[in-house]
Amino acid sequence: MTMRILSALPVFSLLGMIGFASPTFAQFSNTSNAPITIDADDSRLESGSAVFSGQVDARQGDVRILTDEMTITGRKGGGVNAAVSDIDTIVAVGNFYYITPTQEVRGQRGIYRQASNDFTVTGNVVLLQNDSVVTGDTLIYNLETEEARMVSNCKGRKCGLSQRVRVLIQNTDQNGTKG
């Protein structure tokens, strides 16, 4: 299934799930000049990557990413500032949530890639937007084109309803109330 995700997901540009609109300044919010704060139980540098673990809570503006562990790898390497200011990839593993005022994406793993300007969320993915819900195994979101694709690992009716991509769209009448 291909669909357009409204406004806020150009974020995850993630920390992309991560929008890194500029390769020289990290952002995962439409307010790219807002500071990024990352709270975690532990942080360390490993070969030019900044690794945060233990109930990681990353925020920029009104965008929030929650995960068990987040690794930010810079293109130039060398310390937290270099990793965060010139991001190559962000990998968020375990209990992944990407939350904006209008959307929430949940899964087990989120990966942002600066080179392709996209993020991929895997593992029982749930996308909530307004009152609509999309579920599947993998969400692929291109930050430049704002196109999203939800896919399932199983194909056809033999899979059953819970193993295929499922979309729930709430109907509204002309007055904007749910029907």
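The values are calculated or read from the model by the stated rules, or taken from the named source; none is laboratory data. Since the model is a prediction, treat every value here as computed from it, not as a measurement. Don't worry about glycine lacking a Cβ; one is built from the backbone with ideal geometry, like all the others, and counts go over all protein chains shown. For accessibility, only protein heavy atoms count, side chains too; no ligands or nucleic acids. Shrake-Rupley method; radii C 1.70, N 1.55, O 1.52, S 1.80 Å.
Of the residues making up segment 119-141, those that are open to solvent by 30 Å² or more (accessible area, probe 1.4 Å) and under 11 Å from the mean Cα position of the chain (by Cα) are THR122, ILE140. Scanning segment 146-163 turns up at least one residue that is modelled with pLDDT under 80 and within 22 Å of PRO101 (Cβ to Cβ).
Inside segment 1-92, counting only strands (runs of 3 or more DSSP E) that do not spill past its ends, which hold 3 or more residues that are on the phi < 0 side of the Ramachandran plot and at pLDDT below 90? Once the strands (runs of 3 or more DSSP E) in segment 1-92 are filtered for at least 3 residues that are on the phi < 0 side of the Ramachandran plot and at pLDDT below 90, what remains is 2-4, 49-60, 63-74.
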